[in-house]
1. Any idea which of GLY87, GLY80 is out of contact with any helix residue (DSSP H, G or I) (no Cβ under 6 Å at 6 or more places or on another chain) and part of a strand (DSSP E or B)?
2. Yes or no: ILE112 β-branched (Val, Ile, Thr), over 15 Å from VAL40 (Cα atoms), within 19 Å of the chain's Cα centre (by Cα) and part of a strand (DSSP E or B)?
3. Of the residues in the stretch 65-85, how many are of a type in the set (Ser, Thr, Tyr) and either farther than 13 Å from ALA37 by Cβ or loosely packed, with under 13 Cβ neighbours inside 10 Å (or both)?
4. With over 17 Å from ILE163 (Cβ atoms), surrounded by 14 or more Cβ atoms within 10 Å (Cβ to Cβ) and in contact with a strand residue (DSSP E or B) (Cβ under 9 Å, 6 or more places away or on another chain) as the only criterion, which of THR119, THR93 stands out?
5. Do you know which of the residues in the stretch 124-136 that are out of contact with any Lys or Arg (no Cβ under 7 Å at 6 or more places or on another chain) and exposed (fewer than 15 other Cβ atoms within 10 Å of the Cβ) is modelled with the highest pLDDT?
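The values are calculated or read from the model by the stated rules, or taken from the named source; none is laboratory data. This one's a predicted model, so the numbers in the text were calculated from it and none came from an experiment. Please note: Cβ atoms are built from the backbone with ideal geometry, for glycine as well, and neighbour counts cover all protein chains shown.
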Amino acid sequence: MSIFRKPVRIFVLFAIAAAMQSCGVYTFTGASIPPEAKTVSVSLFPNKAEIVQPTLSQTFTDALRDKFASQTNLAMIPKGGDLHFEGEITGYTTEPVAITGQQQAALIRLKITVNVRFTNKYSEKDNFETNFSRYEDYSSSLNLNAVEADLIAKITEALVEDIFNKAVVNW
């Protein structure tokens, strides 16, 4: 029986490899990228929200670049990549949520909205322009300045994951 196991294993490995090639380049992060795509570019996302948080533009742009650098084998170039991202931060707001019986907010919500334009040079059907929004709540007993960096990091991570999934995870 053991003489049949090795050929079966080899056949299964070849079948898996062939299936992965037919769908483009597959990474174990779930990204499906056209095999001819070799580069990605992410333009700086300017902050055009009514409230401008000074570091948000660079923080968000760097996080999106880092995601593609760490999760794909695409080369990051300044502009004109096979996959290209551009857009702007359009919203940075706080609002009270979870109002208590004393008509006071128990929580404050920080919400960030980003408009993203994605271009895939090799697959026009994958191009999009979409607004992505995420938020985090924090206790109204805390000052925004004290928790802002942590909230921005969490929101940015969620936004970048959403954008990455829409652009290159074709499940």
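1. On inspection, the qualifying residue turns out to be GLY87.
2. Yes: the conditions hold for ILE112.
3. Total satisfying the criteria: 1.
4. Just one listed residue meets the conditions, THR93.
5. ASN131
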